Amino acid sequence: MEADIALRATNNPPEHLVGRKLMTMPWQLYGSKRFALDPPGVFTAKALAGIPLIGPEQALLRLQPMQWLEKHRSMLNIVARANTLIGMAALVRAGLGIALLPEDVADGLSPLGPLDREFQSDLWLLTHRDLRSNARVKACSQFLTERLMR
């Protein structure tokens, strides 16, 4: 599918697109309070071993945090998988387990803490080079930038 404008969560936007980075989103684990550490701490793969975890399906493995989960899957208790971050958040809301998510997707979920390594995703507003001077694209890009940068 072609689009004039794209919002992409990536640390490396495709070279054929131009635009601007709108923000950087940190990732951490989210779930219900029953999974919280007392006192709060940093999660390691070993510490996650006994906790029900929502994992990624193949479509999400392009994301570095999801690659980390997949790398450690043999020691993790993955009880369900989703093919979108919104789907993962919905499974957390349904009480199935915890998930590693960017903060913009985790609205309303309880932050449990970070992993022992830091993950971040940049949010980019992008368009094709030949559309960057198009009046419609410029107006929409400006509108989105103003709303998202609040």
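Every read-out reported here was derived from the displayed coordinates using simple, explicitly stated rules and does not represent laboratory data. Because the structure is predicted, anything quoted here is derived from the model rather than measured. Note that each Cβ is placed from the backbone with ideal geometry, even for glycine, and that neighbours are counted across all protein chains shown.
Which aspartates and glutamates, on any chain, are close to LYS71 with Cα under 16 Å apart, when same-chain ones fewer than 8 places away are left out?
Within the straight-line cut-off, LYS71 pairs with GLU57, ASP116, GLU118.
Regarding the chain, what whole-number volume in Å³ per residue does the convex hull of its Cα atoms give?
Working: hull volume 18.3 nm³, N = 150.
Hull volume normalised by residue count: 122 Å³.
Could you derive backbone 3J(HN,Hα) for the stretch 99-108 from the dihedral phi with the Karplus parameters 6.51, -1.76 and 1.60 (θ = phi - 60°), listing whole Hz in sequence and x where the residue is Gly or Pro?
8, 8, 9, x, 5, 5, 8, 8, 3, x
For the stretch 1-70, which semi-axes, largest first and in whole Å, follow from the square roots of 5 times the eigenvalues of its Cα gyration tensor? It would help to have the intermediate numbers written out before the result.
Details: eigenvalues 203, 42, 24 Å².
Those come to 32, 15, 11 Å.
Can you tell me which lysines have their Cα less than 28 Å from the Cα of LYS21? Leave out same-chain residues fewer than eight positions away.
Output for LYS21: LYS138.
Residues with amide H under 5 Å of LEU115's amide H, sequence separation 5 or more or different chain, H placed in the peptide plane at 1.01 Å from N; which?
LEU29, PHE43
What FRET efficiency comes out for the pair GLU15/GLU146, r = Cβ-Cβ distance, R0 = 22 Å, nearest 0.05?
Values: r = 27 Å, r/R0 = 1.21.
The calculated FRET efficiency here is 0.25.
Under the Karplus relation 6.51 cos²θ - 1.76 cosθ + 1.60, θ = phi - 60°, what is the ordered set of whole-Hz ³J(HN,Hα) values for the stretch 115-129, x standing for Gly and Pro?
7, 6, 10, 8, 10, 9, 10, 8, 9, 10, 9, 10, 8, 6, 3
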